Amino acid sequence: MAGTLTSSLRRLYLVIYNWTVFLGWIQVFYLAIKTLRHSGHQSVYAAVQTPLLLAQSAAVIEILHSITGIVRSPVAATLPQVSSRLYVTWGILFSFPEIRTHFFVASLVISWSITEIIRYAFFGFKEAFGFAPSWLLWLRYSTFLVLYPTGITSEVGLIYNALPYLKETGKYSVRMPNVLNFSFDYYYGAVLALGIYVPGTPHLYGYMLGQRKKALAKAKSE
């Protein structure tokens, strides 16, 4: 009986979590599209900043979900994807206002929001009802074929375009001498991050292709 109660509480928690974050991304998408139509891509970040920061930061909890086994997603797949998005959200966009009007911001926000709306709806249905509609399953495992490349291109493009401002301002860099006898250059950290995208992108894309094949084959057999 204790096991049944624990399982029910887990499902209730995940239902609330998924649908709450789903609504957050709906707001991000709505504001982005509305702003694009009326004010252009230069104003997108200003319109979506608060809900974007909240919705994207909520993904930190998903790393804990993977670590604790609340969900079956492997940490090796969850950690790099969440980390890269948080880095772009907080370490680039939030930290360097100079690039917030770049057109890559609009493509990033739209790519992220569509992806996340579908993903959280998919898991919200599964936790609430034990299944997801077939059309939603197809969207979950097919739209990334386009949205992942556009999202990654936007992430890389924004980091690259932020490099001059990272170098000029020296923001978040630690210079010697100091008490800890430690130095860190945020500019070179960003260059390293760009380098990580080179092997990381095909790895994650290949992982998702494998997941797509399994999920659609399973759905077809059922």
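The values are calculated or read from the model by the stated rules, or taken from the named source; none is laboratory data. Since the model is a prediction, treat every value here as computed from it, not as a measurement. Methodologically, a virtual Cβ is constructed for each residue, glycine included, from the backbone with ideal geometry; neighbour enumeration extends over all protein chains shown.
Of all residues in the stretch 125-139, those satisfying the criterion of being touching a Leu at 6+ places or on another chain (Cβ under 8 Å) and closer than 20 Å to L12 by Cα are F125, E127. Kindly indicate which of Y141, Y172, Y187, Y165 is in contact with a Lys or Arg (Cβ under 6 Å, 6 or more places away or on another chain) and over 23 Å from H65 (Cβ atoms). None of the other options fit; the residue is Y187. Of all the residues that make up the stretch 124-143, how many are surrounded by fewer than 17 Cβ atoms within 10 Å (Cβ to Cβ), without any contact (Cβ under 8 Å) to a residue 40 or more places away in the chain and of a type in the set (F, W, Y)? Summing the residues that are surrounded by fewer than 17 Cβ atoms within 10 Å (Cβ to Cβ), without any contact (Cβ under 8 Å) to a residue 40 or more places away in the chain and of a type in the set (F, W, Y) in the stretch 124-143 gives 3. Criterion applied to G200, G170 was being small (G, A, S) and under 22 Å from the mean Cα position of the chain (by Cα), and the one residue passing it is G200.
Evaluation of S73 against the conditions (1) without any contact (Cβ under 8 Å) to a residue 40 or more places away in the chain; (2) in a helix (DSSP H, G or I); (3) in contact with a helix residue (DSSP H, G or I) (Cβ under 6 Å, 6 or more places away or on another chain) shows that the sole unmet condition is (2). V82 meets the stated requirement of being aliphatic (A, V, I, L, M), without any contact (Cβ under 8 Å) to a residue 60 or more places away in the chain, within 20 Å of H203 (Cα to Cα) and assigned to a helix (DSSP H, G or I). Number of residues in the stretch 85-117 that are part of a helix (DSSP H, G or I) and either in contact with a Leu (Cβ under 9 Å, 6 or more places away or on another chain) or among the small types (G, A, S) (or both): the value is 20.
Before we move on, is R10 at pLDDT below 95, surrounded by fewer than 17 Cβ atoms within 10 Å (Cβ to Cβ) and among the charged types (D, E, K, R)? Yes, satisfied.
Taken together, the residues in the stretch 150-174 that are within 14 Å of W90 (Cβ to Cβ) and free of Cβ contacts under 8 Å to residues at least 40 places away in the same chain amount to 0.
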